[in-house]
Amino acid sequence: MTSVVSSPPRTIRIGSRKSQLALVQTYWVQEQLQKSFPDITFEVHTMSTQGDKILDVALAKIGDKGLFTKELEVGMLNQEIDFAVHSLKDLPTNLPEGLTLAAITERENPADALVVHEKHKDKQIDTLPEGAVIGTSSLRRLAQLRHHFPHFTFKDVRGNLITRLAKLDAGEYDALILAAAGLERLEMSDRIHQIIPNEISLHAVGQGALGIECRADDSELLSLLKAIEHPQTRDRCLAERSFLRSLEGGCQVPIGVNTEISGDDLTLTGIVASVDGQKFVKDTVTGIANNAEALGIELAELLRQQGAQEILSEIFAVIQRGS
């Protein structure tokens, strides 16, 4: 009689950036997977990305080809880690050969949030004084806010969330525009002074959701990761990412979106704006949620017909000149 020797339970290595927010998000994913698969060991391995190291240059001037993801992707391809947890808004829409977007988790609030200095606690974004210094490192936020509030002064702000808030509290800025989801995940919801309405600022593609990236040929892991996927969030984010990919836009260009699901229908709204806020095209499409990526392509074509490509071409030209 032949005895059967069972394989020891697999140890799965999770890759994460070292920032406080990245680790909070990664440990949450680890916890959810450990609950679903108690016999498997999930280990967290941290890495520093280019975006974490360059803190004195505006994001748009660095370029965004895997700014916060490349080192983690190399780690996966080299078998150093098995999968990586990303803020989905940082994950390029075109992934390296051999890697795939394995799962998208349930989305937190995807909206932008206004965080103000103490002296403006009685103000909203539309009542801040003329010349108020607004901190943001996002061209998307900058373009939309300039469109609505040309009387504000905008100043780049880099560093992790704690560093940015310290600069605000020290009086370097009158207000910051940050992702509500990041503040909520760090249990800093009390710093959210106002959720910015969609009419003023559409959010970034994938904002508020986590993207789990792994090797495309790891069928066992791909199956496990489906345990933490949220189908509605996936449909919404696939539509958004398809829209961004179709416009050949990156994470650091002024492209904003909003998605809603009602029954089987998905509604996708998108904007493309010039950095000065003067040129602005916006439209909406609705269709079957199961056809999410096609909806993104459809909306991109609508905006292209309205001049979106010309706006983006001008932005790319400026960025390449390093202006």
query: With (1) under 20 Å from R234 (Cβ atoms); (2) modelled with pLDDT under 95 as the list, and G51 as the residue in question, which single condition is left unmet?
result: (1)
task: Among residues belonging to the range 266-281 that are touching a strand residue (DSSP E or B) at 6+ places or on another chain (Cβ under 6 Å) and touching a residue at least 24 places away in the same chain (Cβ under 8 Å), point out the one that is most open to solvent (accessible area, probe 1.4 Å).
output: F280
- line: Of the residues in the range 123-139, those that are under 21 Å from L312 (Cβ atoms) and either out of contact with any Asp or Glu (no Cβ under 9 Å at 6 or more places or on another chain) or open to solvent by 30 Å² or more (accessible area, probe 1.4 Å) (or both) come to L139
- request: Considering only residues that are open to solvent by 10 Å² or more (accessible area, probe 1.4 Å) and in contact with an Asp or Glu (Cβ under 9 Å, 6 or more places away or on another chain), look in the range 105-122 and name the one that is farthest from K167 (Cα to Cα).
  value: E106
- prompt: For the range 157-178, which residues satisfy the criterion of being under 16 Å from the mean Cα position of the chain (by Cα) and open to solvent by 20 Å² or more (accessible area, probe 1.4 Å)?
  reply: N160, L161
message: Restricting to the range 164-176, name every residue that is in contact (Cβ under 8 Å) with a residue 40 or more places away in the chain and within 22 Å of R17 (Cα to Cα).
response: L165
task: Could you run through the range 201-229 and say how many residues are open to solvent by 50 Å² or more (accessible area, probe 1.4 Å) and in contact (Cβ under 8 Å) with a residue 40 or more places away in the chain?
output: 5
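The values are calculated or read from the model by the stated rules, or taken from the named source; none is laboratory data. In this text the structure is predicted, and so the values were computed from the model without any measurement. Neighbour counts are summed over all protein chains in view; Cβ atoms, including those assigned to glycine, are modelled from backbone coordinates with ideal geometry. Ligands, DNA and RNA are excluded from the accessible area calculation, which covers all protein heavy atoms including side chains. Shrake-Rupley method; radii C 1.70, N 1.55, O 1.52, S 1.80 Å.
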